[in-house]
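**Q** Got a structure for you, written out below as structure tokens; questions coming shortly.
The values are calculated or read from the model by the stated rules, or taken from the named source; none is laboratory data. Because the structure is predicted, anything quoted here is derived from the model rather than measured. Positions of Cβ are generated from backbone atoms using ideal geometry, with glycine treated the same way; all protein chains shown enter the neighbour counts. Surface areas here come from the heavy atoms of the whole protein model, side chains and all, with no ligands, DNA or RNA. Shrake-Rupley method; radii C 1.70, N 1.55, O 1.52, S 1.80 Å.
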Amino acid sequence: MTLLHPDRLRQAGITSSDRTRTVTLASASAEHQVNVFTLDSLEVLGMTKPRFEVIAHALPVSTGVDGVLGLDFVRGHLLTIDLIQGWVSLE
């Protein structure tokens, strides 16, 4: 599933009372109970997904990551990552 930092969800006006459900997220060192929210839509790399579920979870600050795009978003599309040129495309 796609994961977004809770602060980014709050900035979009989403509160804990908007939670759809809770799931268990397993990491390398622990399991966490996390909230799932259904967004009206999510747009990434020019692709918009309506009524899209995301997990609210903060990764360690040291990662510098505000979210992780999951296979649930890119499935059915061509995702190209060019690590030499430094670009990503989604078709």
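**Q** Could you list, ordered by first residue, the pairs with Cβ atoms under 6 Å in which the first is in the range 64-76 and on the phi < 0 side of the Ramachandran plot and the second is open to solvent by 70 Å² or more (accessible area, probe 1.4 Å), at least 6 apart or interchain?
**A** From residues that are on the phi < 0 side of the Ramachandran plot, the pairs are Asp66/Arg8; Gly70/Met1; Asp72/Met1.
**Q** Please state which one of Leu4, Leu45 is aliphatic (A, V, I, L, M), open to solvent by 70 Å² or more (accessible area, probe 1.4 Å) and in contact (Cβ under 8 Å) with a residue 24 or more places away in the chain.
**A** Criteria check complete, one pass: Leu45.
**Q** When residues of the range 13-42 are filtered for being closer than 17 Å to Val68 by Cβ and surrounded by 11 or more Cβ atoms within 10 Å (Cβ to Cβ), how many remain?
**A** 9
**Q** Take Gly86 and tell me if it is exposed (fewer than 13 other Cβ atoms within 10 Å of the Cβ) and at pLDDT below 95.
**A** no
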